[in-house]
1. What residue, among those in the range 91-113 that are aliphatic (A, V, I, L, M) and under 15 Å from N341 (Cβ atoms), is surrounded by the most Cβ atoms within 10 Å (Cβ to Cβ)?
2. What number of residues within the range 209-259 satisfy the criterion of being assigned to a helix (DSSP H, G or I) and of a type in the set (G, A, S)?
3. Being free of Cβ contacts under 8 Å to residues at least 40 places away in the same chain, touching an Asp or Glu at 6+ places or on another chain (Cβ under 9 Å), more than 12 Å from Y31 (Cβ to Cβ) and aromatic (F, W, Y) narrows it down to one of Y76, Y47, so name that one.
4. Output the number of residues of the range 168-194 satisfying the condition of being in a helix (DSSP H, G or I) and closer than 12 Å to G42 by Cα.
5. Is it true that Q172 is closer than 30 Å to M36 by Cα, surrounded by 14 or more Cβ atoms within 10 Å (Cβ to Cβ) and in contact (Cβ under 8 Å) with a residue 12 or more places away in the chain?
6. Quick check on this structure: which one of G200, G148, G139 is closer than 27 Å to L275 by Cβ and either touching a Ser or Thr at 6+ places or on another chain (Cβ under 8 Å) or crowded, with 20+ Cβ neighbours inside 10 Å (or both)?
7. Is it the case that A48 is surrounded by 21 or more Cβ atoms within 10 Å (Cβ to Cβ) and at pLDDT below 90?
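The values are calculated or read from the model by the stated rules, or taken from the named source; none is laboratory data. What you see is a predicted model, and the numbers here were worked out from it, not measured in a lab. Every residue, glycine among them, receives a Cβ derived from its backbone with ideal geometry; neighbour counts consider all protein chains shown.
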Amino acid sequence: MGLGLAFESSCDETGVALVEDGRRVICAPLYSQIAMHRPYGGIIPEYASRAHLEKFTPLLAEIIKTRQLVPGDLDYVAVTTRPGLVGALLVGYQTARAAARHFQAPLIGVHHLEAHLAAVRLSGNELPYPAIGMILSGGNSAIYRLHGPGKTVLIGDTLDDAAGEALDKAAQILQLGYPGGPEIEKHAARYLDQRGYTTGEESKLETENPFPVIMKSLGREQVQFSFSGIKTSLLRRFDPTTPEVMPALAFFYQERIVEHIVRNLSHAIAANGQLPVVAAGGVLANGRLRRALQLQCEKQGVRLLIPENQFCTDNAAMVAAAAELYFAARVESPYTDISSNNAFSIRRD
């Protein structure tokens, strides 16, 4: 069994975790910066970096209280090295580097998106290879083919914005606050209830949807995301002087985004030999999306793995889960340097 200490600071969550065997979380204190950034409607990079600098020490102290670690106890130290806010990543990297030296353990750099996919290991599942991996977050919306640790090939990416960003910006337009995803989902659910429908009956309102189908002409062999157009459509439709229409707009907007994501996954499954699907990232905390993806995978006869909600958003435990895959396989991670680039390196044996 490998005992790993991991650090996460790619954006606005400061996380440290002690994880055994890449699966069992011993301790994973997390500091969320949501309240700090809420007045600005988004992440202020400089504020995020400063908060990471202030919070890593007390979070690490919580780990030490749980388990008295001494040099030689750890098998590895893991840290997110890309993608993310460069200043924030550097804070985490330097902290992890110091910890690795102190505990006399190798330092393993982890790709943030690979960590999201590895989060399914924290719920008692193993990351299957080969598989289809889908990442939906505030900064990324893409589908990959997974062949092994460090062996990830892009199938389809977003042409413009990410799904999480589209939800956050929609909440701003509708004057619902930050972060936007939970707000959009909450008001969408209320609208469904007001109309007298229950969960699972969303499609009964499809004919009333005022928003255009996203990338309606997308061919069955294509996998591409685009969310800029739907944001513009919402901006043009919402009139702040008639706030009573807001719940309906939140509902129909969310429906279009869910349909677009599910359609892309359907294309990827059909084109890649019915492989199991691993879907991860903060947007997967959306219950409506999770249910729609599950139904689609059942329809196409493939297994769907999604992390528990607590592991969908950024956390350090998922970083340890990804690093342990490299540690167990005795292969070197290609993500040793800090970068804002979300591209995957292709490790060749």
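1. Within the range 91-113, the first condition is being aliphatic (A, V, I, L, M), and the residues that meet it are 91, 96, 98-100, 105, 107-108, 110, 113.
After this cut, where a residue has to be under 15 Å from N341 (Cβ atoms) as well, the list is 110, 113.
Details: V110: 30, L113: 26.
In this case the residue turns out to be V110.
2. Final tally of qualifying residues: 5.
3. Y47
4. Of the residues in the range 168-194, the ones in a helix (DSSP H, G or I) are 168-173, 180-194.
Then keep just the ones that are closer than 12 Å to G42 by Cα; that gives 168-169, 171-172, 180.
Count: 5.
5. On the way: closer than 30 Å to M36 by Cα: yes; surrounded by 14 or more Cβ atoms within 10 Å (Cβ to Cβ): yes; in contact (Cβ under 8 Å) with a residue 12 or more places away in the chain: yes.
Taking the combined requirement at face value, the residue satisfies it.
6. Numbers: G200 fails: either touching a Ser or Thr at 6+ places or on another chain (Cβ under 8 Å) or crowded, with 20+ Cβ neighbours inside 10 Å (or both); G148 fails: either touching a Ser or Thr at 6+ places or on another chain (Cβ under 8 Å) or crowded, with 20+ Cβ neighbours inside 10 Å (or both).
Selected residue: G139, the only one of G200, G148, G139 that is closer than 27 Å to L275 by Cβ and either touching a Ser or Thr at 6+ places or on another chain (Cβ under 8 Å) or crowded, with 20+ Cβ neighbours inside 10 Å (or both).
7. Numbers: surrounded by 21 or more Cβ atoms within 10 Å (Cβ to Cβ): yes; at pLDDT below 90: yes.
So A48 passes the test.
Conditions (1) touching a strand residue (DSSP E or B) at 6+ places or on another chain (Cβ under 8 Å); (2) surrounded by 23 or more Cβ atoms within 10 Å (Cβ to Cβ); (3) closer than 12 Å to L5 by Cα, marked per residue:
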{"site": "A28", "(1), (2), (3)": "yes, yes, yes"}
{"site": "F56", "(1), (2), (3)": "yes, yes, no"}
{"site": "A78", "(1), (2), (3)": "yes, yes, yes"}
{"site": "R121", "(1), (2), (3)": "no, yes, no"}
